[in-house]
Every structure is written in C-alpha cells, then in structure tokens.
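Notes for the one structure printed next.
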Amino acid sequence: MSNPLRLGIAGLGTVGVGVVKIIRQKSKLLAERSGRKIEISAVSARSRDKDRGVNLKPYAWEDDPVVLARRDDIDVFVELMGGSDGPAKAATEAAIAAGKDVVTANKAMLALHGQQLADAAEKAGHIIRFEAAVAGGIPVVKTLTEGLAGNEITRVMGVMNGTCNFILTRMQDAGLSYAEVFEEARALGYLEADPTLDVGGIDAGHKLALLAAIAFGTRVDFAGMELEGIERITIEDIHQAADMGYRVKLLGVAQMSGRGLEQRMSPVLVPASSPLGQLENAMNMVVLEGDNVGQIVLRGAGAGQGPTASAVLSDIIDIARGIRVPTFGQPAHTLSRSSPARTATPAPYYLRMELQDKPGALARIAAVLGESGISINRMRQYGHDDTTAPVLIVTHKTTRDALDVAIAGFAATGVLAADPVALRIESV
Ligand code: NAP
Ligand code: HSE
C-alpha cells in the first residue's frame, strides 16, 4: 500500500466532526477502497476546549487555519469553516501556495472566488474539490464532471436549499403562514446564521452558479444570476397553487441560449405530480439534462452531518485514488466568459394582486395586461375585506420582460393595494 494521505481539517462543526467520525470509524474500509490509508494529521477550530463528541487528542491542534494549511505533514487541506472570505479564503489560498490539494464544502467561497482559486490551484498542479458544497450528500458534481462528461448539458435544474423546501412544504401540509414556519425552521436549527442566505435564495444561487460553470464550461458567474427569495410567498399562494395542481418550489434553472447563460433562482410553480413537485421537507433534487443521456434526476439529503461528510469523503477518496478531475470539470483557464442573459423562454405566469375594491379596478389591470400583449388564461377573486380584494390571474405564455412592463403599468393604474407577486409556471 502506498503512503497514507494526510489531512489537515479546518472547521470542526457539523460537517468537520462528521468527517473526523467517518475517518475514525471506517479507516479499514476507506484504506481498502482508496488503496492507501487516510489519516488526519492536524485540525483547527476557534475553540480548543469545546467538547465535540469525538476524540481529537491524536491530532495536532492549530489555532490558526492558515498555519494548519501550510503544515508540512498534510497533503490535503480540508476547509470546513464556511464564509465566502475571511479565514476560509485565506487558508485555502495558503494551502494552494503551499502545494496542497483542497477539499471544501464552501459554496459561498467558490461562488464568489472559485475561478481565482481554481486558476491558482491548477497553475500550481493542484486541485480543489467541492462535492459537499452543492446539494449535500447528492453526488451531483461527480455526476456532471464524470458520469455525464460525454454529453452537452442542455439544462440544469434543482431544489438545492433544504430549508426553503422545508418551509414551503410545511406551509402546504400544516396550513401555516410563512412567518410561523420560518420560526419553526429557526427552532429546528435549519437556518443559516444569516437566514437571508436561505430564504433570499442566495445559498441555492451559489450552488446553481457552481453547477452552471461545470455544465456549460463557463466561469462561475453568481453576479449574473436572476435571484428572488421565498419571503413574499403567502399561504394563499400555496393554496391557490395546490388548487390548480401545482406546488411552489424555490427552483434553480440554468441553460445556455443563443443570447448567453440564463441562470435564475426563484420561487416557481411546478406540477404537483412531477418529481420536483413531490419533493418534501428538507430534501434536495437536481435534474440534469444532456443531449445524449436525456434527463437524470438525483434526490437526497442536501444537508446534515452524515450526508455532507459523505460528500467530503468522496472527494478525499478520489484524491487518495489519484483521480484528479479539474475543479470545474475542465481546466479553469479554458472556462469561457459567459454573457448573462435574462430568461427569455416564455412561460405562463401566476400573478397575485391586492386590488382596491372599487368599480373598474379589475378592468384596468386586464387592460394593462392586454396592452402588454399578455393574454389571460384564468382569473379569480377569492374573498375580500372592506377595502381591498385579492385577485389571482394565470396568464398564457409570456416573457418575463413583457410581464415586468405590465407590472410597471399596474402601478400607474392607482388600483393596487400592494406590490403584485408573479411566479413563473415552470415546465419540468
Ligand atoms: P459550523 O457547524 O458552523 O462549523 C464551523 C466550524 O468552523 C466550527 O468548528 C468553527 O469553530 C470553525 N471556525 C469558524 N471560524 C474559524 C476560524 N476563524 N478559525 C478556525 N476555525 C473556525 O458549520 P458547518 O455546518 O459544519 O459548515 C461548514 C461548511 O460546510 C460551510 O461552508 C457550510 O456552508 C458547508 N455545508 C454545510 C452543510 C451542513 O449541513 N451543515 C451542508 C453543506 C455544506 P468552533 O466550533 O470552535 O466555533
Ligand atoms: N442552508 C443550506 C440548506 C445548508 O438549507 O440547504 C446546506 O447547504
């Protein structure tokens, strides 16, 4: 058996401890599968005294992850601290400069700095692997970079934030408001320290940007993504969607069109009977479409200690086996600069509006839609208080640009009591 693969692990929280546990509990299995022993040389976290439920005494301790990253007795720096900048980025850069491979679960860091870090690593003859950063335990990075390498990828879709899927499905199942379920998610420990990362679609957007880079051979472009969170989804939207045979999902879609790279992460309606429509609780699902393979659907836990550590181990074992796929599936310097394109594929839209309850209000809205070239498929007023009336409109297929013109036109009618909510009805 060859020399052991020596790890330095920075971050001993949910994921880091999961990785340490697997390496301690399954060392024989890992060695048999990798062809060499996988050992931990040193670890780092903020607090040395914290009881983490795992024996860390055999490993050297470093207070500073940058110092850990530079140690001579490590081959792979495993970054499990999180944060797009700060110590995670500094230590990753230090590890690359010191000639180490890097394994990370940090989607925020890679979505913002992935190109620069991959360029630096590959120039130095090293790799960065990030299976755990996207959809937790689902091996989607490996599927795209290896299993589907013989395909031109035509579309990538996914529900990749478990917290948002939990909130939306719990609202549906329990008939609770967004605010009530948000508090449940907080109590269950699902929310990121900054919950906007979850409910604002940012965390899922980071993940989609990483998959899009692999799928389309483009530099990671998180800034080019159309991003909208679930904060404005009401229990009425959930009920209305269900009445029409749909479910509300925070869905990411990336595809290359003649105009450039379309990337959007937003709440949409999907058919209730579709695999995405049936995805419950905190589960993730990624749908990949390739010209030869057709459609592949991957479903599993997108977070949690076991699933995420499982994905980290997959990268570590690949490195131990000598499998050296470039970070984004092809050398970083060959990734092209994509121009971000706004979604132009027409789709039906669901529109919810709160209108002043007065004669002619609905007629004015209908007139604006007609002037914008948007045809109404169904329309419903579903109960009202003394002064306002909630109105639901489902359009025939239209573009988001046309809809935005109409929404701007609604404002000028003076009959809106609140900003409208517009949700694309996605064919999946
Ligand atoms: P976590 O539980 O908050 O743990 C973070 C760890 O990093 C802690 O051990 C912390 O030390 C350590 N740390 C923070 N700043 C540090 C610093 N300056 N120097 C040294 N150590 C530092 O986070 P996590 O949930 O394990 O997530 C880790 C990474 O995995 C993140 O990038 C996250 O986005 C990603 N991820 C997580 C999941 C999941 O289910 N949790 C799923 C997919 C991806 P102390 O313990 O001493 O405070
Ligand atoms: N906050 C993320 C989620 C954690 O809810 O999916 C996993 O990346």
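The values are calculated or read from the model by the stated rules, or taken from the named source; none is laboratory data. This structure is a prediction, so every number in the text was calculated from the model and none was measured. Here Cβ is always computed from backbone atoms with ideal geometry, including for glycine, and neighbour counts include all displayed protein chains. Note: areas computed on protein heavy atoms with side chains; ligands, DNA, RNA excluded. Shrake-Rupley method; radii C 1.70, N 1.55, O 1.52, S 1.80 Å.
Of the beta bridges DSSP finds with both residues in the chain, what % are antiparallel, to the nearest 5? Don't jump to the answer; show the numbers that get you there.
On the way: 47 of 72 bridges.
Rounded to the nearest five, the antiparallel share is 65 percent.
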Straight-line reach from LYS142: which lysines have Cα under 19 Å away, leaving out those fewer than 8 places along the same chain?
LYS107, LYS207
Per GNM of the chain with C-alpha springs under 10 angstrom, the most fluctuating residue out of ASP173, ASP75, ASP237 is ASP173
Based on the Cβ-Cβ distance of LYS358 and ASP173, what FRET efficiency does E = 1/(1 + (r/R0)^6) give at R0 = 35 Å, to the nearest 0.05?
0.40
Run the quick spin-label model on ALA366 and ILE323: label points 7 Å from Cα toward the beta carbon, then report their separation in nm to one decimal.
5.9
If one computes the Cα centroid of segment 257-276 and of segment 91-160, what distance in Å separates the two points?
23
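Which value, in Å², gives the accessible area per residue of the chain when a 1.4 Å probe is used on the protein heavy atoms?
40
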Cross-link partners among lysines for LYS57, C-alpha distance below 22 Å, same-chain residues fewer than 8 apart left out?
LYS21, LYS26, LYS28, LYS37
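How would you order 339-345, 392-398, 219-225, 415-421 from highest to lowest mean count of nearby Cβ atoms within 10 Å? The partial results should precede the final answer.
Numbers: 339-345: 14.6, 392-398: 18.6, 219-225: 20.9, 415-421: 16.7.
In decreasing order of mean packing, 339-345, 392-398, 219-225, 415-421 become 219-225, 392-398, 415-421, 339-345.
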Portion, in percent, of the accessible area of segment 2-104 that falls on carbon or sulfur, probe 1.4 Å
45
Take each of the peptides 245-251, 193-199, 87-93, average the number of other beta-carbon atoms within 10 Å over its residues, and list them starting from the highest.
245-251, 87-93, 193-199
Take TYR382 and LEU298, extend 7 Å from each Cα along the Cα→Cβ direction, and tell me the distance between the two endpoints in nm.
3.5
Build a GNM of the chain with springs between Cα atoms under 10 Å: which of LEU176, LEU29, LEU211 gets the top mean-square fluctuation?
LEU29
When the chain is modelled as a GNM with alpha-carbon springs shorter than 10 Å, which of GLY260, GLY150, GLY53 fluctuates the most?
GLY53
Gain on full stretching of the segment that runs from SER273 to ARG337 - 0.36 nm per residue minus C-alpha separation
19.3 nm
Rounded to whole angstrom, the alpha-carbon centroid of segment 169-216 lies from that of segment 349-364 at a distance of 30
Modelled label-to-label distance, TRP61 and ARG48, 7 Å Cα→beta-carbon offset: nm?
0.5
Which lysines does LYS397 reach when only Cα atoms under 21 Å apart count, and residues fewer than 8 places away in its own chain are ignored?
LYS249
Considering only protein heavy atoms and a probe of 1.4 Å, how much of the accessible area of segment 108-164 is carbon and sulfur, as a whole percent?
53
Descending accessible area (1.4 Å probe), largest on the left, turns ASP386, ASP73 into ASP386, ASP73
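May I ask you to compute the full-extension gain from ALA408 to HIS396, defined as 0.36 nm times their residue separation minus their alpha-carbon distance, rounded to one decimal in nm? Show your work: numbers first, answer last.
Working: separation 12, 0.36 × 12 = 4.32 nm, distance 1.88 nm.
Result: 2.4 nm gained on full extension.
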Specify the inter-centroid distance of segment 370-428 and segment 304-323, based on alpha-carbon positions, in whole Å.
47
